[in-house]
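Data block below; observations after.
The values are calculated or read from the model by the stated rules, or taken from the named source; none is laboratory data. Bear in mind that the values here come from a model prediction, so they are computed numbers and not experimental data. We place every Cβ from the backbone using ideal geometry, glycine too, and count neighbours over all the protein chains shown.
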Amino acid sequence: MDTENRPVLTGLLALVGVAVAIGLLGGLAVLVGVKAAGIGEDSSASDDSTTAATFSLPRPTDTSSTIPEPEQTSEPGAGESTSEAPAEAISLAATQQSVSPMQQIDLTGTYQSGEGAILQVQRMENGQWSDFPVTMSVSGGTFATYVQTSRTGPNKFRVIDTDTRTTSNEVTVTVG
């Protein structure tokens, strides 16, 4: 075969040859590394003082209990109104009480009657609530998200149901 008249074919064959050589060397390096690390050894072959390296994933656990439950209030007295249903209330909590500028502020809470609801985070600005560019959905009666801000000083946050306009309690986080 006359390779001087076919430079593209010659270059392509050279590339294939280099790729095969690199693949073989890489495979050999991995094989030697696996043998040296003892990965894949039969655990019965190792003595009692050492154990073979294993990879195992932890079993999934129910994390629904990590969301803070709303505080229970005492039963209303004879003269108090019971028109507000506590099951419809949105309870909001902030994990951090003070953070540095642009540090993550974790917001979590419960909204038992709001399954699937979209909640909009709001911040108090100049005496009125303004939408913060963060939303989340309610799943299993709970919600969680985070916000970041560079506005220093006390920052008041709340969430509002975008459909029913039900609002949560407000939480204050000091930035700075």
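General remarks:
- If you go through segment 136-166 and keep only what is farther than 19 Å from Thr95 by Cβ and either among the aliphatic types (A, V, I, L, M) or modelled with pLDDT under 90 (or both), you end up with just Ile160.
- Number of positions in segment 105-129 that are closer than 15 Å to Pro154 by Cα and without any contact (Cβ under 8 Å) to a residue 60 or more places away in the chain: 8
- Residue list for segment 153-166, filter: out of contact with any Gly (no Cβ under 7 Å at 6 or more places or on another chain) and farther than 18 Å from Gly116 by Cβ: Pro154, Asn155, Lys156, Phe157, Arg158
- Residue selected from segment 114-139 under the condition touching a Ser or Thr at 6+ places or on another chain (Cβ under 9 Å) and not in a strand (DSSP E or B), by the criterion surrounded by the most Cβ atoms within 10 Å (Cβ to Cβ): Gly114
- Scope segment 140-176; condition polar (S, T, N, Q) and either over 22 Å from the mean Cα position of the chain (by Cα) or exposed (fewer than 14 other Cβ atoms within 10 Å of the Cβ) (or both); matching residues: Gln148, Ser150, Thr152, Asn155, Thr162, Thr164, Thr166, Thr167, Ser168, Asn169, Thr172, Thr174
- Where Thr149 falls short, out of the listed (1) without any contact (Cβ under 8 Å) to a residue 24 or more places away in the chain; (2) part of a loop (DSSP other than H, G, I, E, B); (3) in contact with a Lys or Arg (Cβ under 8 Å, 6 or more places away or on another chain): (1)
- Residue list for segment 99-132, filter: among the small types (Gly, Ala, Ser) and over 12 Å from Thr149 (Cα atoms): Gly109, Ser113, Gly114, Gly116, Ala117, Gly127, Ser130
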